[in-house]
Amino acid sequence: MQDKHMLMIPGPTPVPESVLLAMAKHPIGHRSGDFSQIIGQITENLRWLHQTQHDVLMLTASGTGAMEAGIINFLSAGDRVLVGNNGKFGERWVKIARTFGLEVEEITAEWGKPLDPEAFKAKLEADKDKTIKAVIITHSETSTGVLNDLQTINRYVKAHEEALIMVDAVTSLGAVNVPIDEWGLDMVASGSQKGYMIPPGLGFVAVSPKAWKAYENATLPKFYLDLGAYKKATDKNSSPFTPPVNLMYGLKVALEIMKGEGLEAMFARHQRLTQATRAGMKGLGLSLFAPDESASFAVTAVMPSTVEAEAIRSTMKKEFDIALAGGQDHLKGKIFRIGHLGFVSERDVLTAIAALEATLQKLGHDGAKSGAGMAAAAQVFSQ
């Protein structure tokens, strides 16, 4: 049926109708007083969402652009950095850091497994001369559905005293608790098409006072992504370059929706959706790629054994117009991923599980009793 498409991927995520309607308004001048008020309101609510009293800057960029901005504004060529790599996006930060001439040391884990905080502790404690300038972590590894233990790793970084902690929170911001000021996180990057519930196009960078001190000595070239220019403009409720006016209309409304739900309720909803999705997959006789204790609250990766992952995705799209994400790199064709991030409700998860059961039956999977997936998910929701 036309216009019944359902996104169950980790990004772009579904967009509330009120956000879409806000984005449909006629644009106004981005240097006008009216738009300055909108920037001020957005900035205040971004600080609320990030749980910080410090800077949260908006870039016309994806999450990758926000992360690149974090790297080039606070580091210099030749700087020694530790980068956690246990998936596609950890791997991407390694590539970005090396592109800008940083001395990268990887701390790795098998895809589908969380990073070991003790490996970071050992490296940091051995750095008696304080040559490590930053530790770069992907909090929620979207490619595998793993949530890395940011809190513990950050504690070891804080004990080092000199290194910055730089966080890719692209699929964790808005889904799981990331208390920036409480934990003392120095740079946190995220993107609009995830927990923010608006289309792609905006990147966000939260910056600590410690990071701004590093900015004063950072020598990597920058112009459009110079965060100093964004801070100067944001302090005046403005922007250094032309912003995506209509996306920001949508962001204003989306942040108001999030604030109305509240942080605690928002995090609890994502946890509930994660638990129900995982229970549903087990009920359907499907294997989960990431362990329960390290499960991302944004996306669940599933590794089917009796039916091809791509056949599942294709049938879900063709028969039910539901989009699931596939595996990346060596996991392509081996896993599929169900997104439950942002504007996703219990009804959406139940619908996806029911459609998945019908798909599995159509493809010949007989690893579960009829209705077992729905029953398992419903049990979570009834608690």
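The values are calculated or read from the model by the stated rules, or taken from the named source; none is laboratory data. Keep in mind the model is a prediction, meaning the values are calculated, not measured. Because the Cβ atoms are built from the backbone with ideal geometry, glycine has one as well, and the counts that use them run over all protein chains shown.
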- Message: Pairs please, first residue from region 326-338 and on the phi > 0 side of the Ramachandran plot, second anywhere and surrounded by 13 or more Cβ atoms within 10 Å (Cβ to Cβ) and not charged (D, E, K, R), Cβ atoms under 8 Å, 6+ apart in sequence or on different chains.
- Response: Asp329/Ser143; Gly333/Ala309; Gly333/Gly326; Gly333/Gly327
- Task: Just give me the residues in region 119-149 being over 13 Å from Leu82 (Cβ atoms), outside any loop (DSSP other than H, G, I, E, B) and of a type in the set (Ser, Thr, Tyr), in sequence order.
- Result: Ser140
- Please determine, by comparing only the residues of region 7-25 that are in contact with a helix residue (DSSP H, G or I) (Cβ under 9 Å, 6 or more places away or on another chain) and surrounded by fewer than 17 Cβ atoms within 10 Å (Cβ to Cβ), which one is nearest to Leu324 (Cα to Cα). Pro16
- Query: How many of the residues making up region 271-306 are at pLDDT 95 or above and either among the aromatic types (Phe, Trp, Tyr) or part of a loop (DSSP other than H, G, I, E, B) (or both)?
  - Reply: 10
- Query: Quick one: would you say His54 is touching a Ser or Thr at 6+ places or on another chain (Cβ under 8 Å) and crowded, with 24+ Cβ neighbours inside 10 Å?
  - Reply: no
- Task: Could you look through region 372-381, keep only residues that are surrounded by fewer than 16 Cβ atoms within 10 Å (Cβ to Cβ) and either under 28 Å from the mean Cα position of the chain (by Cα) or at pLDDT below 95 (or both), and pick out the one that is nearest to Leu286 (Cα to Cα)?
- Result: Gln379
- Within region 233-270, can you find the residues that are surrounded by fewer than 16 Cβ atoms within 10 Å (Cβ to Cβ) and polar (S, T, N, Q)? Thr242
- Arg337, sole failed condition from (1) crowded, with 21+ Cβ neighbours inside 10 Å; (2) among the basic types (Lys, Arg); (3) more than 16 Å from Pro14 (Cα to Cα): (3)
- Of the residues in region 96-118, those that are assigned to a strand (DSSP E or B) and either within 16 Å of the chain's Cα centre (by Cα) or among the acidic types (Asp, Glu) (or both) come to Glu103, Glu105, Glu106
- Message: Is it the case, given these coordinates, that Gly342 is at pLDDT 95 or above, in a helix (DSSP H, G or I) and surrounded by 22 or more Cβ atoms within 10 Å (Cβ to Cβ)?
- Response: no
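The rows are residues; the columns are (1) surrounded by fewer than 21 Cβ atoms within 10 Å (Cβ to Cβ); (2) touching a helix residue (DSSP H, G or I) at 6+ places or on another chain (Cβ under 9 Å); (3) at pLDDT below 95; (4) of a type outside the set (Val, Ile, Thr).
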{"site": "Asp3", "(1), (2), (3), (4)": "yes, no, yes, yes"}
{"site": "Ile28", "(1), (2), (3), (4)": "yes, yes, no, no"}
{"site": "Ser32", "(1), (2), (3), (4)": "yes, no, no, yes"}
{"site": "Thr64", "(1), (2), (3), (4)": "yes, yes, no, no"}
- Identify the single condition in (1) surrounded by fewer than 21 Cβ atoms within 10 Å (Cβ to Cβ); (2) touching a residue at least 12 places away in the same chain (Cβ under 8 Å) that Lys318 does not satisfy, given that it satisfies every other one. (2)
- From the option list Ala159, Ala169, single residue qualifying as free of Cβ contacts under 8 Å to residues at least 40 places away in the same chain and either over 26 Å from Thr99 (Cα atoms) or surrounded by fewer than 18 Cβ atoms within 10 Å (Cβ to Cβ) (or both) is Ala159
- What tally of residues in region 48-95 results from selecting those that are part of a helix (DSSP H, G or I) and of a type in the set (S, T, N, Q)? 2
- Give region 233-270 a look and list any residue that's part of a loop (DSSP other than H, G, I, E, B) and either of a type in the set (Ser, Thr, Tyr) or within 14 Å of Gly174 (Cα to Cα) (or both), or say none. Ser238, Ser239, Thr242, Gly262
- Considering Ala355, Ala325, which residue is among the small types (Gly, Ala, Ser), crowded, with 16+ Cβ neighbours inside 10 Å, out of contact with any Lys or Arg (no Cβ under 6 Å at 6 or more places or on another chain) and within 20 Å of Lys282 (Cβ to Cβ)? Ala355
- What number of residues in region 150-179 are under 21 Å from Ile132 (Cα atoms) and not in a loop (DSSP other than H, G, I, E, B)? 16
